[in-house]
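Everything below concerns the one structure shown next.
The values are calculated or read from the model by the stated rules, or taken from the named source; none is laboratory data. Every value quoted in this text rests on a predicted model; they were computed, and no experiment measured them. Positions of Cβ are generated from backbone atoms using ideal geometry, with glycine treated the same way; all protein chains shown enter the neighbour counts. Surface accessibility is based on the protein's heavy atoms, side chains included, excluding ligands, DNA and RNA. Shrake-Rupley method; radii C 1.70, N 1.55, O 1.52, S 1.80 Å.
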Amino acid sequence: MSADKRDFYEKTAKRLAASTKLYKVDSIIHVEDTDDIWFWRQLLTKYRVGRYKFMPATTNEKGNRSTGCEQCLKYKDFLSQRFFICIDSDLRYLAEEGLSAEKGVLQTYTYSWENHCAFAAKLQQAYEELTPSKKPFDFCAFLSRYSNIVYRPFLLMLYQKRNN
């Protein structure tokens, strides 16, 4: 990141952290987009009780409204208790990119927050409730077999990502 861009994001992070007084909240939280607020609000309500203002977008260095994980990560060197980010891990957690809650980055430990809501037992329950007269389908068995098929190619992909 260029010095000008770095300076822009550092100053913006300081302003956002200071704006907690204005909004009468404990922290400003930058999330990837509006859909992510639901998930992160639930986790923070349970594990870090406080008053929060969620920001699904910020202005980038060109003055445009910007969303997404890459926009959130532009602040990673300037985070604090009063301004931090919550992102989907994508492959960052498995790639061991060094992002952590201690550094102001909360991330999922699955690919995305949606994966936390779509595990096999929950899918099976919903399927059985919504389609009681349909042909039975076993999500647990299907996902187990699917995992066995994609595991080695996934490790290869992760290895290649780590080694450019």
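Quick notes
- Using a Förster distance of 30 Å, the FRET efficiency for residue 164-residue 77 (Cβ separation, nearest 0.05): 0.85
- Fluctuation leader among 13, 118, 126 - the chain, Gaussian network, Cα springs under 10 angstrom: 126
- Helix 36-47 axis versus longest C-alpha principal axis of the chain: approximately 90°, rounded to the nearest ten.
- Among the listed pairs 46/134; 24/76; 24/161; 46/161; 21/46, those with a Cα-Cα distance over 32 Å are 46/134; 24/161; 46/161.
- Approximate spin-label separation residue 142-residue 115, in nm, with each point projected 7 Å along Cα-to-Cβ: 1.9 nm
- Label-to-label distance, nm, for residues given as residue 157 and residue 2 (7 Å Cα→Cβ offset): 3.4 nm
- Surface per residue (accessible, 1.4 Å probe) for the chain, Å²: 68 Å²
- Comparing 154, 54, 84 in a Gaussian network model of the chain (Cα springs below 10 Å), the most mobile by mean-square fluctuation is 154.
- Straight Cα distances below 18 angstrom link residue 62 to the lysines 5, 11, 74, with same-chain residues fewer than 8 positions distant left out.
- The listed peptides 127-133, 31-37, ordered by packing as a protection proxy, come out as 31-37, 127-133 (highest mean of other Cβ atoms within 10 Å first).
- Highest-fluctuation residue, 65, 152, 51 considered, GNM on the chain with Cα pairs under 10 Å: 152
- Cα shape, the range 66-164, gyration tensor, a/c 1.5 rule: oblate
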